[in-house]
Amino acid sequence: MSQRATYTTTFGAMPSTSRILLLAGTSEATALTKVLEPLDHIALTVSFAGRTSRPQSVAGRQRIGGFGGVDGLAGYLLHNKVDVLVDATHPFAARMRWNAHLACERLGIARVRIERPPWIPIPGDRWRMVPTLADAPDALAGALRVFLTTGRQDLGPFVDMRDTWFLVRSIEPPDPMPLVHAEVLLDRGPFTLERERSLLERREIDVLVTKNSGGASTAPKLLAARELGVDVVMVERPPSPPGPQFSSVAATLTWLERVLASR
Ligand code: NAP
């Protein structure tokens, strides 16, 4: 989902002010915030986990940090009289979606999840799918120079690969760095095809490891790998709870408008 897209919904006239808790940390959450925050009849709170030391600046009310599991979230929802929870956490934020599902189910609060579409392989791609990050090292057998784009908190599964050199790209530095042979590249998307191609060539990368996050801003690494015949270990997404889930901001807003109008 492009952050540059604009959404023209006005949500019409609503019977009363609705309190929405938006679980954020993605470009989809940013796009939803831009639409919802200015609306008079919506009281929006945007929630961040607080993983980055430079949190994104958002318009309107925000809170930072965990709630304290399902019970903590349920307490927050009750105390703040939240009407609807919008879960726009990352496709690989595996726990928060279940906490949100369980807390909302307990209290009978409406909940919706937005998750951008995954990347799909096309002819020319050399992907090896693995169900979890813990399975990635087995798929890397024989690789000498590996480009890890899974994030600084996801290096643990690779610590025993002492004969492999890693290029680790992350927004903030791993602290400590658990890998024996590694170079850290501090950078954040969006990335261009030219830069990704040059990175794979200059660092002589054999295999790229990535989570199937989807989205345009980090997809050029996959194009570059396809062009250069570089293998990709693709980590599949964790499961989502049952309930309404959309892959676009527009569809999520349509659902939200319908639910708020029926309150
Ligand atoms: P997670 O495993 O689903 O969540 C772990 C814990 O972090 C949750 O149980 C919750 O703590 C807290 N948390 C998560 N998202 C929160 C939010 N939006 N507001 C308040 N608390 C939140 O998630 P994660 O993988 O650690 O990711 C943390 C955040 O980074 C998410 O918001 C996600 O959208 C963003 N992010 C993650 C990735 C990724 O690859 N995992 C990539 C980009 C962005 P309590 O149980 O104490 O409530």
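Counting other Cβ atoms within 10 Å, which GluC sites (Glu not before Pro) in segment 133-215 have at most 14 and lie in a DSSP loop?
When the GluC sites (Glu not before Pro) of segment 133-215 are filtered for loop state and at most 14 Cβ neighbours within 10 Å, GLU204 remain.
Please compute P(r) over all alpha-carbon pairs of segment 60-192, binned at 5 Å starting from zero, and give each bin as a whole-number percent.
All Cα pairs considered, the percentages come to 2, 8, 14, 15, 15, 13, 12, 10, 7, 3, 1.
Under 5 Å between amide H atoms, partner at least 5 residues away or on a different chain: which partners does VAL235 have, H built in plane at 1.01 Å?
Those lying under 5 Å, H to H, from VAL235 are VAL130, THR210, LYS211, ASN212.
Sort segment 115-189 into rounded, prolate or oblate with this rule: let a ≥ b ≥ c be the square roots of the eigenvalues of the Cα gyration tensor; rounded if a/c is under 1.5, and if a/c is not under 1.5, prolate when a/b is larger than b/c, oblate otherwise.
Oblate.
In terms of modelled amide H atoms, which long-range or inter-chain residues lie less than 5 Å from the amide H of GLU37?
For GLU37, whose amide H was placed from the backbone, there are no distant partners under 5 Å.
Test of understanding: what is the full-extension gain from ALA251 to ASN80, defined as 0.36 nm times their sequence separation minus their Cα-Cα distance?
58.9 nm
Which whole-number percent of Cα pairs in segment 161-201 have a distance greater than 14 Å?
Result for the distance tail: 55 percent.
If each Cα of segment 141-263 is one equal point scatterer, what is log10 of I(q)/I(0) from the Debye formula at q = 0.17, 0.21, 0.22 Å⁻¹?
Log10 I(q)/I(0), no solvent term: -0.88, -1.21, -1.30.
Could you tell me the largest-minus-smallest coordinate of the C-alpha atoms of the chain on each of the three principal axes, in descending order and whole angstroms?
That works out to 62, 36, 32 Å along the principal axes.
Work through the residues other than GLU28 whose Cβ is under 9 Å from its Cβ and net out their charges, Lys, Arg +1 and Asp, Glu -1.
0
Using R₀ = 22 Å, calculate the FRET efficiency as 1/(1 + (r/R₀)^6) where r is the Cβ-Cβ separation of SER198 and ILE171; round to 0.05.
After rounding, the FRET efficiency stands at 0.60.
Tell me, what ³J(HN,Hα) does each residue in segment 167-180 have, in order and in whole Hz, if you take phi through Karplus 6.51 cos²θ - 1.76 cosθ + 1.60 with θ = phi - 60° and put x for Gly and Pro?
With the stated coefficients, segment 167-180 comes to 9, 10, 9, 8, 6, 10, x, x, 9, x, 8, x, 8, 5 Hz.
What is the projected area of the convex hull of the Cα atoms of segment 68-141, averaged over all directions, in nm²?
Here the figure is 6.6 nm², rounded to one decimal.
I need ILE114, ILE20 ordered by Cβ neighbour count within 10 Å, fewest first.
Taking fewest neighbouring Cβ atoms as first place, the list is ILE20, ILE114.
Mind listing which chymotrypsin sites (Phe, Trp or Tyr not before Pro) in segment 64-170 are in a DSSP loop and have 13 or fewer other Cβ atoms within 10 Å?
none
Can you list the lysines whose alpha carbon is less than 25 Å from that of LYS34, not counting same-chain residues fewer than 8 positions off?
Here the lysines satisfying the reach criterion relative to LYS34 are LYS81.
Which of rounded, prolate or oblate describes segment 106-145 when judged by the alpha-carbon gyration tensor and an a/c cut-off of 1.5?
Note, shape of segment 106-145 comes out oblate.
Bear in mind these aren't lab numbers, they're just calculated from the coordinates by the rules spelled out. Note that the structure is predicted; figures quoted are calculated from it, not measured. Methodologically, a virtual Cβ is constructed for each residue, glycine included, from the backbone with ideal geometry; neighbour enumeration extends over all protein chains shown.
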